[in-house]
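The values are calculated or read from the model by the stated rules, or taken from the named source; none is laboratory data. Just so it is clear, the structure is predicted and the values come from calculations on it, not from any experiment. Positions of Cβ are generated from backbone atoms using ideal geometry, with glycine treated the same way; all protein chains shown enter the neighbour counts. To get the accessible areas, we keep the full protein, side chains included, count just its heavy atoms, and leave off ligands, DNA and RNA. Shrake-Rupley method; radii C 1.70, N 1.55, O 1.52, S 1.80 Å.
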Amino acid sequence: MSRTWRAEEFDLLSPSVAKRWSGFLSEEGDRRWFPNLLGIQVEELRRDYARLRMPWRSDLNQSQGLMHGGAIATLIDTAVVPAIGTAYTDARPFSTIEMSVRYIQPVRQEDLVAEGWVRRRGTRVVFCEVEVRTASGVTVATGDLIYVVGSAPEPG
């Protein structure tokens, strides 16, 4: 199955923004984020776009031997974080206020790749979409998310 990515539709990052987001999921000392527990990795970042991978492992399964929907939902929610954040020159707080997930196909022993992108950006609210495929290119889930973005931090 032929696979095409949406990355080419989005602008490359400036060197300073790329540097700031390159360690998005990196662990430092005692700092470990929930997506690290699932093994989520960054593949590509652009302005308003991100592609992440979640390698399959047996402890991500539910009792029927299929990947747990919660793991897939976490990948969806995580994929839009750098897509949203790469548009700002400063660090801003933002969080999910709504997420809708559609599970299309079950996943059995295969890595997942999620593409997340910003569909529309308002002053404080950002609307995003995500598509999740298996490494072989089968679409297994989609998501629509709404995030709220806080103000830039005060100088000093």
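The set of residues in the stretch 120-138 that are outside any loop (DSSP other than H, G, I, E, B) and either surrounded by 12 or more Cβ atoms within 10 Å (Cβ to Cβ) or of a type in the set (A, V, I, L, M) (or both) comprises Arg121, Val125, Val126, Phe127, Cys128, Glu129, Val130, Glu131, Val132, Arg133, Thr134. In the stretch 1-30, the residues that are at pLDDT below 85 reach residues that are among the charged types (D, E, K, R) and not in a helix (DSSP H, G or I) with C-beta atoms within less than 9 angstrom, at least six apart or across chains, in these pairs: Arg3/Arg133. In the stretch 97-113 there is no residue matching the filter, namely being open to solvent by 30 Å² or more (accessible area, probe 1.4 Å), in a loop (DSSP other than H, G, I, E, B), under 20 Å from Trp21 (Cβ atoms) and of a type in the set (A, V, I, L, M).
Taken together, the residues in the stretch 27-48 that are open to solvent by less than 50 Å² (accessible area, probe 1.4 Å) and of a type in the set (S, T, N, Q) amount to 1. Of all residues in the stretch 13-35, exactly one satisfies the criterion of being more than 17 Å from Leu52 (Cβ to Cβ), among the hydroxyl-bearing types (Ser, Thr, Tyr) and in a loop (DSSP other than H, G, I, E, B), namely Ser14.
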